[in-house]
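J.: For reference, the structure I am asking about is given below.
The values are calculated or read from the model by the stated rules, or taken from the named source; none is laboratory data. Model, not experiment: these values are computed from the prediction. Cβ sites come from the backbone with ideal geometry, for glycine too, and all protein chains shown count toward neighbours. All accessible areas refer to the heavy atoms of the entire protein, side chains included, with ligands and DNA or RNA removed. Shrake-Rupley method; radii C 1.70, N 1.55, O 1.52, S 1.80 Å.
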Amino acid sequence: MLRETVARFAHGELEPQATAHDESATLNTDLLTRCGGLGLLGLTIPEADGGAGLDTTAAVITHHEMSKSDPGFTLAYLAHTILFVNNFYHASDPGQRARILPGLLSGHSIGAMAMTEPGAGTDVLGMQTTAKPDGDGYVLNGRKMFITNGGDADWIMVAARTDGDSGHRGRQPDQTDDSRY
């Protein structure tokens, strides 16, 4: 049923606008909001938090069907739903989720992830950007490039090393002061 629904949406909504947005190099933000109305922006987010409560297979089916009609939009969709929304959900605390997730799931807020670096690409193990504690926050030091949705994003998650090569990547949700984000 998901495959059929997304295929109809892709054929009727994605295909007609694909060429114009590819040629203008713009993200169709209205279409992203339409995806939110269909419940497609939170496929992997639990229902209790406003998502669809589906699994990775559902996300792959959705991406597959959408990419047949508009690969460019589908990449922006993936960057929003998986790279940002899914990662945000698992790295955030309940206060952050309550404040930020509704806009992301509706498409009224757009997310992006700053992961790609010169010299490392998207190899997070080769990443050089660091986040060092500084008072109540962090100081970021590094360079990012090719941030899908970056120009349209309301929220950007930055991938950074927090403690050298110890294997620990990131912070635990309970270590976050919601007022900083």
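J.: Report the residue count in region 62-88 for those that are assigned to a helix (DSSP H, G or I), open to solvent by less than 20 Å² (accessible area, probe 1.4 Å) and among the charged types (D, E, K, R).
T.: Residues flagged as assigned to a helix (DSSP H, G or I), open to solvent by less than 20 Å² (accessible area, probe 1.4 Å) and among the charged types (D, E, K, R) within region 62-88 amount to 1.
J.: Oh, and also: Scanning for something over 28 Å from residue 158 (Cβ atoms) and modelled with pLDDT of 95 or more, does region 72-80 turn up at least one residue? Break it down stepwise before answering.
T.: From region 72-80, those over 28 Å from residue 158 (Cβ atoms) are none; that's our starting set.
No, region 72-80 contains no residue that is over 28 Å from residue 158 (Cβ atoms) and modelled with pLDDT of 95 or more.
J.: Do you know which residues across region 94-128 are over 17 Å from the mean Cα position of the chain (by Cα) and either in a loop (DSSP other than H, G, I, E, B) or among the β-branched types (Val, Ile, Thr) (or both)?
T.: Selection gives 118, 119, 120, 123, 127, 128.
J.: Something else about it: Looking only at region 1-38, which residues are over 18 Å from residue 105 (Cα atoms) and charged (D, E, K, R)?
T.: 3, 4, 8, 13, 15, 22, 23
J.: Residue 103 is checked against (1) open to solvent by 10 Å² or more (accessible area, probe 1.4 Å); (2) more than 14 Å from residue 29 (Cβ to Cβ) and fails just one. What number does that condition carry?
T.: (2)
Residue by residue, here is whether (1) modelled with pLDDT of 95 or more; (2) within 28 Å of residue 106 (Cβ to Cβ); (3) not acidic (Asp, Glu); (4) not in a loop (DSSP other than H, G, I, E, B) holds:
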{"residue": "138", "(1), (2), (3), (4)": "no, no, yes, yes"}
{"residue": "149", "(1), (2), (3), (4)": "yes, yes, yes, no"}
{"residue": "153", "(1), (2), (3), (4)": "yes, yes, yes, no"}
{"residue": "156", "(1), (2), (3), (4)": "yes, yes, yes, yes"}
{"residue": "165", "(1), (2), (3), (4)": "no, no, no, no"}
{"residue": "168", "(1), (2), (3), (4)": "no, no, yes, no"}
{"residue": "171", "(1), (2), (3), (4)": "no, yes, yes, no"}
{"residue": "174", "(1), (2), (3), (4)": "no, yes, no, yes"}
{"residue": "179", "(1), (2), (3), (4)": "no, yes, yes, yes"}
